[in-house]
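In what follows, a structure is listed as structure tokens, so that the remarks can point back to it.
The values are calculated or read from the model by the stated rules, or taken from the named source; none is laboratory data. Note that the structure is a prediction, hence the values are computed from the model and not measured. For neighbour counting, all protein chains shown are included, and Cβ atoms are generated from backbone atoms with ideal geometry for every residue, glycine included.
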Amino acid sequence: MTAIRPSAQEIAQAAAVLRAGRLVAFPTESVYGLGADATQDAAVARIFEAKGRPRFNPLIVHVPDITAADAIGVLSPVALKLARAFWPGPLTLVIPMRAEARISDLVTAGLDTIAIRVPSHPVARELLVAAGCPIAAPSANISGRVSATTAAHVHADFGDQDVLVLDGGATQHGMESTIVDASTASLKLLRPGAIATEDIVTVAGAPLVVAHGDAARPSAPGQLESHYAPNAAVRLNVRDPRPDEALLAFGPDVPPHAGPVINLSPTGNTTEAAIGLFAALRTLDASGCLSIAVMPIPESGLGEAINDRLRRAAAPRP
Ligand code: TXA
Ligand code: MG
């Protein structure tokens with residue numbers, strides 16, 4: 001399979017669009033991001049409008065390297081250790097923001113910390129270099145809905161809006177970055193993600209306190225109870241799907257089922273399952289079923305992140 005890559009000319013055009021204060025959706029190794037120049041208030045405001053995202057939910061800033069991250073926020077020794085081990089890659093660090101950082105207040109939603117990451121996807125990296133500004137980017141989906149792992153998903157959500165979409169093919173991990181709050185002495189896991197929690201603990205050499213999502217007072221403001229929601233209802237830990245349901249299967253022992261079935265990993269591999277999760281939710285949803293039944297998925301490896309997303313997809317909708 002040849003990798004889909006925008007031309008140098010398309011990257012240059014996208015960089016110009018960003019600098020002009022407009023939105024560019026671009027691939028990262030985790031999911032597609034809906035990007036704006038993080039230093040321009042009006043540009044960042046467009047992200048919230050396009051997604052229908054509550055203003056109290058802060059954004060992740062993408063930068064090309066550790067030096068650029070250090071210019072915006074303060075990396076503690078353990079944060080630096082994590083950055084050196086996992087950047088570029090799908091780890092987001094929440095750190096204290098520097099007073100002199102020229103980041104729009106809308107990005108941090110008024111917090112004195114900032115979420116930063118250095119993506120590894122070549123298209124994201126080329127765009128960051130060409131644009132020459134930090135890029136604020138949430139996942140490129142309508143707020144509360146399923147994240148986008150292909151350019152087609154982005155078009156489905158934002159096709160009627162003023163968004164330039166860079167197509168870099170399907171994303172490598174299919175799952176958002178792991179978010180670690182390294183702004184205080186004890187590291188906190190704000191969101192499980194594409195890097196398994198145990199790998200972060202190993203490098204940090206310190207335990208991670210799990211910040212449990214409290215719907216009323218979320219620790220990561222975006223950790224709202226209902227999120228990643230398809231149109232269909234979602235039922236978890238199902239071994240006996242109803243005939244009228246679509247089935248999101250996992251592992252080798254799939255019950256016989258007449259309706260639509262997608263198996264996230266016939267061998268029972270959670271890394272493989274994470275890659276296909278969001279695309280599978282979108283595809284099963286498009287079958288028009290009223291309910292998606294999900295087989296049990298173990299908590300090991302990326303299962304923790306998968307189950308986090310599925311619990312939110314199944315949560316009561318507002
Ligand atoms: O993989 C990813 O992280 C993707 C790609 C595009 O980079 N981005 C992404 O962004 O998933 P988003 O907006 O869907 O999720 C960002 C999360 C939200 O839950 C938000 O509340 C949290 O990061 N966040 C941002 N800044 C924060 C801060 N200062 N303190 C705590 N949480 C923060
Ligand atoms: Mg998101």
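How many of the residues making up the range 40-55 are crowded, with 18+ Cβ neighbours inside 10 Å and away from ligand 1 (no atom under 15 Å from the Cβ)?
2
Among the numbered conditions (1) of a type outside the set (A, V, I, L, M); (2) at pLDDT 95 or above; (3) out of contact with any Pro (no Cβ under 7 Å at 6 or more places or on another chain), tell me where S219 comes up short.
(2)
Is there a residue being among the basic types (K, R), under 29 Å from A305 (Cα atoms) and buried (at least 20 other Cβ atoms within 10 Å of the Cβ) anywhere in the range 75-83?
There is no residue in the range 75-83 that is among the basic types (K, R), under 29 Å from A305 (Cα atoms) and buried (at least 20 other Cβ atoms within 10 Å of the Cβ).
If the Cβ limit is 9 Å and pairs must be 6+ apart or interchain, which residue in the range 86-102 that is surrounded by 23 or more Cβ atoms within 10 Å (Cβ to Cβ) pairs with which residue that is assigned to a loop (DSSP other than H, G, I, E, B) and among the acidic types (D, E)?
P90/E29; P90/E176; T92/E176
Yes or no, residue by residue, for (1) without any contact (Cβ under 8 Å) to a residue 24 or more places away in the chain; (2) surrounded by fewer than 20 Cβ atoms within 10 Å (Cβ to Cβ); (3) of a type outside the set (K, R):
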position	(1), (2), (3)
V234	no, no, yes
F250	no, no, yes
T267	yes, yes, yes
I275	no, no, yes
S300	no, yes, yes
A305	no, no, yes
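Would you confirm, using the coordinates I've provided, whether A109 is within 10 Å of ligand 1 (Cβ to nearest atom), within 20 Å of Q40 (Cβ to Cβ) and in contact with a Ser or Thr (Cβ under 8 Å, 6 or more places away or on another chain)?
No.
What number goes with the only condition from (1) within 18 Å of S143 (Cα to Cα); (2) touching a helix residue (DSSP H, G or I) at 6+ places or on another chain (Cβ under 7 Å); (3) buried (at least 17 other Cβ atoms within 10 Å of the Cβ); (4) at pLDDT below 95 that L208 does not pass?
(1)
Which is within 18 Å of E29 (Cα to Cα) and either crowded, with 17+ Cβ neighbours inside 10 Å or within 15 Å of ligand 2 (Cβ to nearest atom) (or both), of V146, V107? Before the answer, list the steps.
Working: V107 fails: within 18 Å of E29 (Cα to Cα).
Just one listed residue meets the conditions, V146.
Being in a helix (DSSP H, G or I), among the small types (G, A, S) and surrounded by 23 or more Cβ atoms within 10 Å (Cβ to Cβ) is the filter here, so list the residues in the range 110-130 that pass it.
A124 - this is the single residue of the range 110-130 that is in a helix (DSSP H, G or I), among the small types (G, A, S) and surrounded by 23 or more Cβ atoms within 10 Å (Cβ to Cβ).
Among all residue pairs at least 6 apart or on different chains, which show Cβ distances below 6 Å where the first residue, located in the range 126-145, is at positive phi and the second is part of a helix (DSSP H, G or I) and within 12 Å of ligand 1 (Cβ to nearest atom)?
Final answer for the pair search is none.
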